[in-house]
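Student: Just dropping this structure here.
The values are calculated or read from the model by the stated rules, or taken from the named source; none is laboratory data. Note that this is a predicted model, so its numbers are computed, not measured. Virtual Cβ from ideal backbone geometry, glycine too; neighbours counted across all protein chains shown.
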Amino acid sequence: MYPELKAHLDQEQVTLVAVSKTKPQADIQALYDQGQRIFGENRVQEMAEKYEALPKDIAWHMIGHLQSKKVKSIAPFVTMIHSVDSLSLLEKIEREAERCGRCIDVLIQFHIAEEESKYGFDASDLPAIYTALDGLTHVRARGVMGMASFVQDEEQVRAEFTLLRSIFDQMKVQLGAEHFDTVSMGMSGDYKIAIEAGSNMVRLGSLLFGARG
Ligand SMILES: *Cc1c(COP(=O)(O)O)cnc(C)c1O
């Protein structure tokens, strides 16, 4: 299953983040042994424990809502934070990355779903985001992240992903940065639609590891 999926995504030039949240270290090691190097977690403590125990060439991506006070415990090793959903979080990442002498890649999370509960910015926040990004030296904005609504209506999901892609395109023009290159959208249930809508990074959990308990 994994080799075929990975080959397909490679061919489409889509990066695979294997979402290993709640899964045991042995499951991660098994996928690592098949060549996977990027893993996504949504809890700080769990990610830090897995980082300690598993091979050091794993790139750990934080994909879940992150509280500012918890940035400190992942700043020394995290490769990318997908879930930057406030300007205060962005500033906190800058400070903690500086303390570690690192530059941390981040994605700006946008709220594209109709559900109220999801975190993220709106397109109307873009001017404030540009101002905040200007002058950061230990955070590198790499792109955007978003989650579509959990609905059967494929056209709604497609429209939400298309909106996120258009926000990315708009930001790319404004920021003019070559390294601003990542559109993280698509999960196990909707990644094909996401890729059609312009995703180049998918976050797959249950498809790779089986359903979470
Ligand atoms: C859990 C999670 C995923 C993966 O979900 P699956 O449906 O298991 O593929 C992707 N992105 C985020 C932000 C998640 O929390």
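Student: Regarding the stretch 19-26, can at least one residue be identified that is within 15 Å of the ligand (Cβ to nearest atom), of a type in the set (Lys, Arg), surrounded by fewer than 20 Cβ atoms within 10 Å (Cβ to Cβ) and farther than 22 Å from Leu164 by Cα?
Tutor: The answer is yes; a qualifying residue exists.
Student: Another question, if that's okay. Could you tell me whether the stretch 180-188 includes any residue that is at pLDDT 95 or above, within 25 Å of Ala128 (Cα to Cα) and either more than 16 Å from the ligand (Cβ to nearest atom) or aromatic (Phe, Trp, Tyr) (or both)?
Tutor: The answer is yes, given that some residue of the stretch 180-188 is at pLDDT 95 or above, within 25 Å of Ala128 (Cα to Cα) and either more than 16 Å from the ligand (Cβ to nearest atom) or aromatic (Phe, Trp, Tyr) (or both).
Student: With respect to Ala123, is the statement that it is under 20 Å from Ser188 (Cα atoms), in contact with a helix residue (DSSP H, G or I) (Cβ under 8 Å, 6 or more places away or on another chain) and not aromatic (Phe, Trp, Tyr) true?
Tutor: Considered against the rule, which asks whether it is under 20 Å from Ser188 (Cα atoms), in contact with a helix residue (DSSP H, G or I) (Cβ under 8 Å, 6 or more places away or on another chain) and not aromatic (Phe, Trp, Tyr), Ala123 comes out as no.
Student: Same structure again: In the stretch 189-205, which residues are near the ligand (Cβ under 8 Å from one of its atoms) and either within 19 Å of Met62 (Cβ to Cβ) or charged (D, E, K, R) (or both)?
Tutor: If the condition is that a residue be near the ligand (Cβ under 8 Å from one of its atoms) and either within 19 Å of Met62 (Cβ to Cβ) or charged (D, E, K, R) (or both), then Arg203, Leu204, Gly205 are the ones that fit.
Results for (1) modelled with pLDDT under 95; (2) out of contact with any strand residue (DSSP E or B) (no Cβ under 9 Å at 6 or more places or on another chain); (3) within 14 Å of the ligand (Cβ to nearest atom), shown as yes or no for each residue.
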position: Pro127; (1), (2), (3): no, yes, no
position: Arg140; (1), (2), (3): no, no, no
position: Val157; (1), (2), (3): no, yes, yes
position: Gln170; (1), (2), (3): no, yes, no
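Student: So in the stretch 128-168, with the set limited to residues that are charged (D, E, K, R) and touching an Asp or Glu at 6+ places or on another chain (Cβ under 6 Å), which one is surrounded by the most Cβ atoms within 10 Å (Cβ to Cβ)?
Tutor: Arg142
Student: As an exercise: evaluate Ser188 against (1) crowded, with 20+ Cβ neighbours inside 10 Å; (2) within 18 Å of the chain's Cα centre (by Cα) and give the number of the one condition it does not meet.
Tutor: Of the numbered conditions (1) crowded, with 20+ Cβ neighbours inside 10 Å; (2) within 18 Å of the chain's Cα centre (by Cα), the odd one out for Ser188 is (1).
Student: If you go through the stretch 43-85 one residue at a time, how many are more than 17 Å from Thr15 (Cβ to Cβ), buried (at least 19 other Cβ atoms within 10 Å of the Cβ) and touching a Ser or Thr at 6+ places or on another chain (Cβ under 8 Å)?
Tutor: Selection size over the stretch 43-85: 3.
Student: Okay, moving on. Of the residues Ser199, Ser188, which single one is touching a residue at least 24 places away in the same chain (Cβ under 8 Å) and not in a helix (DSSP H, G or I)?
Tutor: Numbers: Ser188 fails: touching a residue at least 24 places away in the same chain (Cβ under 8 Å).
From the options Ser199, Ser188, the qualifying one is Ser199.
Student: Also, I was wondering about something else. If you check every pair at least six apart or on different chains, which have Cβ atoms under 6 Å apart with a residue in the stretch 109-120 that is at positive phi first and a residue that is modelled with pLDDT of 95 or more and part of a loop (DSSP other than H, G, I, E, B) second?
Tutor: These pairs meet every condition: Gly120/Asp85; Gly120/His111.
Student: Still on this structure, I have one more. Only one of these conditions is not met by Gln109: (1) within 16 Å of the ligand (Cβ to nearest atom); (2) polar (S, T, N, Q); (3) out of contact with any Ser or Thr (no Cβ under 6 Å at 6 or more places or on another chain). Which number is it?
Tutor: The one condition Gln109 does not meet is (3).
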